[in-house]
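Readers should treat all values here as calculations from the given coordinates under stated rules, not as data from a laboratory. This one's a predicted model, so the numbers in the text were calculated from it and none came from an experiment. Using ideal geometry, Cβ is built from the backbone for each residue, glycine included, and neighbour counts are taken over all protein chains shown.
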């Protein structure tokens, strides 16, 4: 069985293209490649009822980000300011990098 791949990485800026939060931009906080899901900052907020613990002295209703499917997000290029697909490029020194399909900018 092959290892599942996700087209975005932790720290990338993405645009949500499907679902209740479509059109929102955010930073990827966590990637779950086995489930093909990503957690995006400020997107898909859910409420959790938590009881007080040693770590959380005040219990109550907490809001946190829940994972969304990676097919519902698109990488956002900060240079051309547009959502884009990810292309692969091999530099002269043999290093593989990701690049914006629209403007050709090398993505970190």
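Rounded, prolate or oblate: which fits the chain when a ≥ b ≥ c are the square roots of the eigenvalues of the alpha-carbon gyration tensor, with rounded for a/c under 1.5 and prolate only if a/b beats b/c?
Verdict is prolate for the chain.
In a GNM of the chain with a 10 Å cut-off on Cα contacts, which of 48, 37, 98 has the highest mean-square fluctuation?
48
Return the FRET efficiency for the residue pair residue 17, residue 90: r is the Cβ-Cβ distance, R0 is 22 Å, and the value is rounded to the nearest 0.05.
Efficiency for this residue pair is about 0.20.
Please build a GNM for the chain, connecting alpha carbons under 10 Å apart, and tell me which residue among 53, 13, 78 fluctuates the most.
The residue that fluctuates most here is 53.
Quote the FRET efficiency, to the nearest 0.05, computed for residue 69 versus residue 108 with a Förster distance R0 of 35 Å and r equal to the Cβ-Cβ distance.
0.90
Ranked by Cβ crowding within 10 angstrom, fewest neighbours first, how are 41, 65, 92 ordered?
With the fewest neighbours first, 41, 65, 92 line up as 92, 41, 65.
Taking other Cβ within 10 Å of each residue's Cβ, how do 8, 106, 40 sort, fewest first?
Ranking 8, 106, 40 by Cβ neighbours within 10 Å, fewest first, gives 106, 8, 40.
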